[in-house]
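Participant: Structure provided below as structure tokens; questions to follow.
The values are calculated or read from the model by the stated rules, or taken from the named source; none is laboratory data. Nothing here was measured: the structure is a model prediction, and the numbers come from that model. Here the Cβ is made from the backbone with ideal geometry for all residues, glycine too, and neighbour counts use every protein chain on show. Just so you know, the surface numbers come from the protein's heavy atoms only, side chains and all, with ligands and any DNA or RNA stripped out. Shrake-Rupley method; radii C 1.70, N 1.55, O 1.52, S 1.80 Å.
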Amino acid sequence: MHNFPRRIKTIIPVIALFLFLCPMTLFAADGAEGYVPSMYATFWALVPPIVAIGLALITKEVYSSLFVGILVGGLFYSGFSFEGTVMHMFEDGFLSVLSDSYNVGILIFLVLLGAIVALMNRAGGSAAFGRWAASHIKSRVGAQLATIALGVLIFVDDYFNCLTVGSVMRPVTDKQKVSRSKLAYLIDATAAPVCIIAPISSWAAAVTGFVEGEDGFSLFLRAIPYNYYALLTILMMVVMVLLRIEFGSMSKHEKNAQEKGDLFSSAERPYAGMENADKIMTNGKVCDLVVPVVCLIVCCIIGMLYTGGFFAGTDFVTSFSNSDASVGLALGGFFGLLITIVFYLFRKVLSFHEIMSCLPEGFKAMVPAILILTCAWTLKAMTDSLGAAEFVAGLMKGAADGLMSMLPAIIFLVGCFLAFATGTSWGTFGILIPIVVDVFASSSPELMIISISACMAGAVCGDHCSPISDTTIMASAGAQCDHVNHVSTQLPYAVLAAVISCITYIFAGFVKNPVISLGFGIAIMLITLLVIRNMQNHRKQ
């Protein structure tokens, strides 16, 4: 009997622990049996990313804003259950996205590229290229046009585009006092917009895969002249550089860079540790940068072709269509790093010990991008679990019963909003393109082409504007620019291109002629930019 109180004391904590874990067990059981949250496929599914984006723009703090958005998504999914929220955030969120093979491949590529950049800096290749470029590129306009040209040339994949262009052109633009925010915009505006109109790219492969029951690659080619956001963005970027047009918060960043030599215009320096890395070695040559970059490009292209079955007998175009960008880039990054190490050892510019010490430096340089990417992927997982795709699909099917000629513009706006809220253009393709094909395949083939292009253009536009977009994050990493600065300075430019694109889609829905419609959009863009330039000149007088 004397042991009874002791037994009670032992049993009570066990019972309390059981009662505490009971809701978690019930929640997990419900999830296993097909748990559907009460907010599933409603407007509330889009609230978590809206909260994250709003907080990021207001507070200028990315990590906490993304976490709050993830928390809101977990609360909505679990019905505000503490245990359910925590389990959903980690089990279905962070752990799930970090165990996804595609995401891991992208992270590996980031780390490998960071290591290659650190090696190029330590060997003096970046500094040597900067000195060479300074003797050949003698103006800010020339530096920006060279950045655009390189971005257009690297059309295979947007991730690769962002990081490679940033690594190569950063010393050149810094020398010509181009702000990091402007460099990030130039990188971002030549990444997805170029990839989405390039027939041989990972993006073309993604779009082709979403078109069921049709010749996807042929539809992609026919949709290129109607991809107004991509085409007009590239045109706008070139014209603004040539005419020296800046507006919005970007004008402040550019003014500070030119007059004060301040390339950041803020206290945030997320990559400050890498700024002086290229000053370690002064005997580097231009080949110490060019050879690793060229080898990396070749290796990544071969890697993507390999994953698409090119070396097993598949033709070149089909290999790109079937390629796995994540595995291909990881393979390309690995062999690119290996060739770089052998090249530097052969040239005796770095010792083996110095090379090995650069590897963790490259990893540390990519930590900000990895953190933001992980949180952005987790936020997307929260949004997906709340049925955002089903909610938008229902809206689109309802809109299809209305004005058919206005539908391309409506699809463009829906694509913008969905990609902006979720931070994924490929996910937006996957939602909207099958709906468009189902609606227009038998009724109006030409309108189907315009609408598919509107899907792609809207997805790229929303992805371009979104702070939680992986491409936007990569552009910030490539330019070594504060992420919030990049988003806030880029937004006015992207919105201008979006407005003109939407007007052009309204026109195209009635005209249904690619040449006339594109000419109409180009004319509006040029007139708008000239008006902005005249307004700027008037203010200076």
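Participant: Give, in nm to one decimal, the length gained when the segment between Ala523 and Lys252 is fully stretched (0.36 nm per residue of separation minus the Cα-Cα distance).
Facilitator: 94.8 nm
Participant: Okay, next question. Would you work out what percent of the accessible area of the stretch 434-534, with all protein chains in place, is carbon or sulfur (probe 1.4 Å)? Display every interim value, and only then the final one.
Facilitator: Working: 2060 of 2830 Å².
Here it works out to 73 percent.
Participant: Now for a separate question. To the nearest 0.05, what FRET efficiency results for Val294 and Phe80 with a Förster distance of 41 Å applied to their C-beta separation?
Facilitator: 0.15
Participant: Sticking with this one: How do Leu338, Leu153 rank by accessible surface area computed with a 1.4 Å probe, from largest to smallest?
Facilitator: Greatest to least solvent exposure: Leu153, Leu338.
Participant: Taking the Cα-to-Cβ direction at Ser99 and at Val286 and moving 7 Å from each Cα, how far apart do the two end points lie in nm?
Facilitator: A separation of 5.1 nm, rounded to one decimal place.
Participant: If you take the beta carbon distance between Leu57 and Lys260 as r and set R0 to 22 Å, what does 1/(1 + (r/R0)^6) give as a FRET efficiency, to the nearest 0.05?
Facilitator: On the way: r = 25 Å, r/R0 = 1.14.
Given R0 = 22 Å and the Cβ-Cβ separation, E is 0.30.
Participant: Also, quick follow-up: Picking from Met535, Met448, Ala479, whose Cα lies most toward the positive end of the charge dipole for the stretch 436-541 (charges on Cβ: Lys, Arg +1; Asp, Glu -1)?
Facilitator: After comparing all options, I get Met535.
Participant: At what distance in nm do the modelled label points of Val141 and Val367 sit from each other, each positioned 7 Å from its Cα along Cα→Cβ?
Facilitator: For Val141 paired with Val367, the spin-label model returns 4.3 nm.
Participant: Counting just the Cα atoms, what span does the stretch 117-177 cover along each of its three principal axes? Round to the nearest Å and put the largest first.
Facilitator: Each principal axis gives a Cα extent; for the stretch 117-177 these are 30, 29, 15 Å.
Participant: Still on this structure: Take the alpha-carbon centre of the stretch 44-97, take the same for the stretch 117-160, and report the distance between them in whole Å.
Facilitator: For the stretch 44-97 versus the stretch 117-160, the Cα centre distance is 38 Å.
Participant: Report the full-extension gain for the segment Ser351 to Lys175: residue separation times 0.36 nm, less the Cα-Cα distance, to one decimal in nm.
Facilitator: Fully extending the segment from Ser351 to Lys175 adds 60.5 nm.
Participant: Same structure, new question: Please report the accessible area of His136 (heavy atoms, 1.4 Å probe, ligands and nucleic acids excluded) in Å², nearest 10.
Facilitator: Surface open to solvent at His136 totals about 110 Å².
Participant: Could I ask something else about it? Heavy-atom accessible area per residue, the stretch 284-420, 1.4 Å probe: how many Å²?
Facilitator: 42
Participant: Same structure, new question: As I understand it, the dipole of the stretch 285-432 uses +1 on the Cβ of Lys and Arg and -1 on the Cβ of Asp and Glu, about the Cα centre. Which of Leu329, Ile372, Val290 lies farthest toward its positive end?
Facilitator: Val290
Participant: Same structure, new question: Using 0.36 nm times the number of residues separating Glu446 and Ile532, minus their current alpha carbon distance, what extension gain do you get? Don't jump to the answer; show the numbers that get you there.
Facilitator: On the way: separation 86, 0.36 × 86 = 30.96 nm, distance 3.47 nm.
Value of the extension gain: 27.5 nm.
Participant: Taking the alpha carbon gyration tensor of the stretch 291-337, what are the square roots of 5 times its eigenvalues, largest first, to the nearest whole Å?
Facilitator: They are 19, 10, 7 Å, listed from largest to smallest.
Participant: Specify which residue in the list Val104, Val172, Ile116 is farthest towards the positive end of the charge dipole of the stretch 60-184, using unit charges on the beta carbon of Lys, Arg (+1) and Asp, Glu (-1), about the Cα centre.
Facilitator: The residue sitting most towards the positive pole is Val172.
Participant: Taking R0 as 25 Å, what FRET efficiency do you get between Glu91 and Ser38 from their Cβ-Cβ distance, rounded to the nearest 0.05?
Facilitator: The formula returns an efficiency of 0.80 here.
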